[in-house]
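I have placed the structure first, in the form of structure tokens, so that the comments after it can refer back to it.
Read-outs throughout are calculated quantities, based only on the coordinates presented, and are distinct from any laboratory measurement. Everything numeric in this text was worked out from a predicted model, so none of it was measured. Note that each Cβ is placed from the backbone with ideal geometry, even for glycine, and that neighbours are counted across all protein chains shown.
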Amino acid sequence: MNEAEDHVLEFALGELHGRSATDLPERVLRELRKVQPVGARPGPRTPQPVAPRVWMAAAAVAVVCLSLFLVLRRGGQTTPRSLWVATSADVLGVLRQGEREARLLDAFLPGETLVNGPERERIVALTSGETIRMGQCSMLTLEHDERGLVIAPQLGRITLQASEKTAVRFRTRLGTLAMGAPGAVQVELRADGYDLLQPERFQQLAQELHMKTAVPLVLTLVTLLQGTAVLESAVITRQLVAGETVSEQQTENPANPIKRKLLEEAGTWDLTVTNVAHARRPAKPQKGLEVCRAGPGGEWLLTDLSIGEGEDEVRLHTVVGFNTRTKMYTGTLVDNFGGEMGLLRGTPEEDLDCRTLSMFSAEGTPGFDVRWVMRWESPDRRVTEFEALKGEEWIPIRKIVHERRK
């Protein structure tokens, strides 16, 4: 061994034992050097028996390297194999609570979120014997409670296959699904505007869902492929039938009140627009005008908005409606600068006095990631706050106060 290798081994052993002062590195190095004295010239090779202590030293080096490998993989903490709940032949992206960036791992712990990209399906083997097939652009979280392992699908198609009765459960928006016999069950979560036709947006969506900053509607479908299963919600327990698909019920978010609330914006509004200044001097408010009207069949809200005047005038035209099938706001935005149209999406909240819309590009063009939150303060006054995605954070950029013109 040379001097550089001596330093590496000594550092590894010191890290493994958590203290700088130890004679173990020196003793291991001494044994290793007995094989080839430092500075000695190689002569005629004569077969000689290898001392047992040399083999022990080599084994110690292997243990050190393996330990350091596990330390680096798990962010500085060794993880006993007994704590793993699942493994995969392929590495998957793993997101942890409080962390923005994914790690690439092939063994997984409770509390971790697994992310499979758009390339192909992948298989995850649970240590209890079941297998999970993660479809393209899919995402799930491994949870654990007093009854055992819980799979919480986040996005995409997730299929659980069990060769015998299993205690593993699915936690879905429809309720908790438990299998009572060998079989297979499939849960699919569809996010409108994010699908296999737009795989380039998947990584962004996965991170936003993980950090709880995304607002797309996710439609949940549960299908029992074979066997028996029970779906338990807060209000009902339902025995599933093989081949049957259960989806979220439209009655959870009645369409009529949402559409009525949307069309309450019809009228003419005077605007006060304030751009958020990041300099010392606050930005000067601008005046604007907004005209809202009901679209064809009362199904759409059409809005024409103008801010400023002359060459600096900004004009926007938006169309917003409510899709009763996907239970989400949907729409488009165009402006007087031309180019690409922005697409709008948003999920209704329990409080219909608040609405959040997100804009994105159908072509994946940068700069379209803007969302705005509108709140009713009274029947004649609304406030809208705009935020733009800068890196991984939503930054406030603009505030509009809408006051209904009498």
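Summary table below
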{"item": "Packing-based order for 315-323, 302-310, using average beta carbon neighbours within 10 Å, highest first", "result": "315-323, 302-310"}
{"item": "Gained length - Arg381 relative to Glu101, 0.36 nm times residue gap less alpha-carbon distance", "result": "96.8 nm"}
{"item": "Cα-projected label distance for Glu350 with Arg405, points at 7 Å along beta-carbon direction, nm", "result": "3.8 nm"}
{"item": "Test item: Cα-centred dipole of segment 246-394, Lys/Arg +1 and Asp/Glu -1 on Cβ, debye", "result": "160 debye"}
{"item": "P(r) of segment 285-406 over all Cα-Cα pairs, binned every 10 Å from zero, in whole percent", "result": "12, 41, 39, 8, 0"}
{"item": "Projected-area average for segment 82-176 over all orientations - Cα convex hull basis, square nanometres", "result": "6.3 nm²"}
{"item": "Note, ³J(HN,Hα) from phi for segment 383-389, Karplus 6.51, -1.76, 1.60, rounded to Hz, x at Gly and Pro", "result": "10, 10, 10, 9, 9, 10, 7"}
